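K.L.:
Quick one: this structure, given as structure tokens, is what I'll be asking you about.
Please treat every number below as a calculation from the coordinates, not as lab data. Note that the structure is predicted; figures quoted are calculated from it, not measured. We place every Cβ from the backbone using ideal geometry, glycine too, and count neighbours over all the protein chains shown.
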Amino acid sequence: MFYANKKHTAPVNSAEQNAKILANVKGLLEKELIQINGNVVSLYPQLWKDHQKAINWIKCLYIYCHLKKQIKTKEALYFEDIATKQTIGSMINNVPKLINFEFADQTHKI
């Protein structure tokens, strides 16, 4: 929608967005595709299809851990391969980062 020659978009409903994140992560936890222990999230690398989706996953899991696991704002959250326990990502100071992660090499089966 345009208003006064400026594009206007409706604000994102963060409560609705957070509810979707909580429901999706809960489903993955029930299926045992991810595990959360303290500030470490273990998951199958196949869940991260590309760089953009991996960063989105990190942000969403950080929101989940912040809301449900009571990790503090700006507290570090680490992501590891559930099979090898190798660190593959982190969220430190609200900055998502991939560590030693290659999208082409995904040999683990879910």
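K.L.:
Starting with the fewest neighbours, write out T87, T73 ranked by other beta-carbon atoms found within 10 Å of each beta-carbon. Don't skip to the answer; put the middle values down first.
P.N.:
Numbers: T87 14, T73 7.
With the fewest neighbours first, T87, T73 line up as T73, T87.
K.L.:
If you take every residue apart from N56 with its C-beta less than 12 Å away from the C-beta of N56, what net charge results, scoring Lys and Arg +1 and Asp and Glu -1? Please list the in-between numbers first.
P.N.:
Numbers: positive: K49, K53, K59; negative: D50.
Here the charged neighbours net out to +2.
K.L.:
Give a residue-ordered list of calculated ³J(HN,Hα) values for the stretch 37-48 (Karplus: 6.51 cos²θ - 1.76 cosθ + 1.60, θ = phi - 60°; whole Hz; x for Gly, Pro).
P.N.:
With coefficients 6.51, -1.76 and 1.60, one gets 10, x, 9, 10, 10, 9, 8, 7, x, 5, 5, 8 Hz.
K.L.:
Quick one: C65, C60, fewest Cβ neighbours within 10 Å first, how do they rank? Mind showing how you got there, number by number?
P.N.:
Numbers: C65 20, C60 17.
By the 10 Å Cβ count, ascending: C60, C65.
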